[in-house]
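Only one structure is covered here, and it is reproduced in the block below.
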Amino acid sequence: MPDRFVAPPEYAPRSPLTTECSGCGACCAAPDIHALQKPLGVACLNLGADCRCAVYLSRPAVCRNYQADWVCGEVAPLPTLEARVRRFLEIYGLTAEVEARRSEGLQGLNRDRSD
Ligand code: SF4
Ligand code: SF4
């Protein structure tokens, strides 16, 4: 069974010492979480400014079952949540999708304002 803290060969981990969750918040902000109706690239409403979960003790199963892995070593050492989210999306090849959704959202907003 592969060690989930070892990055695939094409990724050089920034923190080879990361072997557990450090609570960086990236996985609560970057991926879409269907069970929480959380869109891609948008922070979960339960994520506090300190990158901690406000409902940690009663967080849903999807969050309880999430396991830290090598991606944490890539994202957690970065200095801001924004940088961590950007890297997380980059690793999973989701950057363009998020940018397209943001642009659609802005266009919608501009349309609403001009009505
Ligand atoms: S990305 Fe990894 S280190 Fe950061 S909060 Fe999620 S599991 Fe923890
Ligand atoms: S409910 Fe808590 S653990 Fe789950 S994504 Fe939101 S902030 Fe993260």
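The table that follows gives values for the structure above.
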quantity	calculated
Residues (in contact with a helix residue (DSSP H, G or I) (Cβ under 9 Å, 6 or more places away or on another chain) and in a helix (DSSP H, G or I)) located in region 67-81	VAL71, CYS72, GLU74, VAL75, LEU81
Test result for VAL71, under 20 Å from ARG4 (Cα atoms) and surrounded by 10 or more Cβ atoms within 10 Å (Cβ to Cβ)	yes
Residue within region 6-20 that is surrounded by 14 or more Cβ atoms within 10 Å (Cβ to Cβ) and hydrophobic (A, V, I, L, M, F, W, C) present	yes
Members of region 21-66 that are surrounded by 13 or more Cβ atoms within 10 Å (Cβ to Cβ) and not in a loop (DSSP other than H, G, I, E, B)	ALA26, CYS27, CYS28, ALA29, ILE33, LEU36, LYS38, LEU47, CYS53, CYS63
Selection within region 69-115 - among the small types (Gly, Ala, Ser) and in contact (Cβ under 8 Å) with a residue 40 or more places away in the chain	GLY73, ALA76
Which numbered condition GLY23 fails, given (1) under 30 Å from GLU104 (Cα atoms); (2) within 12 Å of ligand 2 (Cβ to nearest atom); (3) under 13 Å from the mean Cα position of the chain (by Cα)	(1)
Residue identified as under 30 Å from GLU104 (Cβ atoms) and touching a Phe, Trp or Tyr at 6+ places or on another chain (Cβ under 6 Å) among ALA7, ALA43, ALA30	ALA30
Residue pairs meeting the criteria (Cβ under 7 Å; at least 6 apart or on separate chains; first closer than 17 Å to ARG102 by Cα, in region 32-58; second among the small types (Gly, Ala, Ser) and assigned to a loop (DSSP other than H, G, I, E, B))	GLY41/ALA30
Condition met for PRO31 (within 12 Å of ligand 1 (Cβ to nearest atom) and modelled with pLDDT of 90 or more)	yes
Residue ID - modelled with the lowest pLDDT, chosen from residues in region 74-115 that are small (Gly, Ala, Ser), over 22 Å from ALA7 (Cα atoms) and surrounded by 10 or more Cβ atoms within 10 Å (Cβ to Cβ)	GLY108
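The values are calculated or read from the model by the stated rules, or taken from the named source; none is laboratory data. Quick caveat, the model's predicted, so the values are computed rather than measured. All Cβ positions, glycine included, derive from the backbone under ideal geometry; neighbour counts span all protein chains shown.
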